[in-house]
Amino acid sequence: MKPMKIAIFNNTEENITDLEKILKKVFKNIKNKNSCSIIFVSDEEIKDLNNRYRNINNKTDVLSFPNEDKTDKTLGDIFISLNVAKTQAKEYKHSLNREIAFLAVHGYLHLIGYDHNTKEEEKEMIELQEQILKKAKLERKYEKYWRS
């Protein structure tokens, strides 16, 4: 099976050239016949999406919207707040590349049906995220986990 195709869009003023390279590196290790879109957005846009679709009037790091059209080869869209990712990279003491890759993989796993509503689901999802990130040489440097 071929590597998964991703389309990357930038709705911010930031230069994301390095982030695009990292995402392509991560997703080349994912074998999936479908594709997805990754969209970088501002704090305001992620807050608006979070409020509109989840009734939570706060910004967040990543949101996934699965494609409801099962005849389409697109899994859905992953929205990432670049500013929140930068803050979290500092907080978790790792690179922005690692944080963006983590959020994109997290969003992808939601698109294919994974969730973290229970401790068991959370553990399974985290382990799978780390396996994917390790293949791209973006593994964690210390044991601190999940941010709800």
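The values are calculated or read from the model by the stated rules, or taken from the named source; none is laboratory data. Just so we're clear, the structure is a prediction, and the values are computed from it rather than from any experiment. Positions of Cβ are generated from backbone atoms using ideal geometry, with glycine treated the same way; all protein chains shown enter the neighbour counts. Protein only, heavy atoms only, side chains kept; ligands, DNA and RNA dropped before computing areas. Shrake-Rupley method; radii C 1.70, N 1.55, O 1.52, S 1.80 Å.
Assorted remarks:
- Of the strands (runs of 3 or more DSSP E) contained entirely in region 1-117, those carrying at least 1 residues that are over 16 Å from residue 129 (Cα atoms) and charged (D, E, K, R) fall at 5-10, 74-81.
- Any hit, region 36-57, residues being within 19 Å of residue 136 (Cβ to Cβ) and basic (Lys, Arg): no
- Residue 89 being free of Cβ contacts under 8 Å to residues at least 24 places away in the same chain and of a type in the set (Gly, Ala, Ser): yes
- Residues satisfying the stated conditions in region 115-126, i.e. in contact with a helix residue (DSSP H, G or I) (Cβ under 8 Å, 6 or more places away or on another chain) and surrounded by fewer than 16 Cβ atoms within 10 Å (Cβ to Cβ): 115
- Restricting region 23-50 to residues that are of a type in the set (A, V, I, L, M, F, W, C) and within 12 Å of the chain's Cα centre (by Cα), the residue that is surrounded by the fewest Cβ atoms within 10 Å (Cβ to Cβ): 39
- A count restricted to region 59-98 and to residues that are of a type outside the set (Gly, Ala, Ser) and either open to solvent by 90 Å² or more (accessible area, probe 1.4 Å) or touching a Pro at 6+ places or on another chain (Cβ under 7 Å) (or both) stands at 9.
- Residue count for region 76-95, restricted to those that are at pLDDT below 95 and either small (Gly, Ala, Ser) or under 25 Å from residue 5 (Cβ atoms) (or both): 2.
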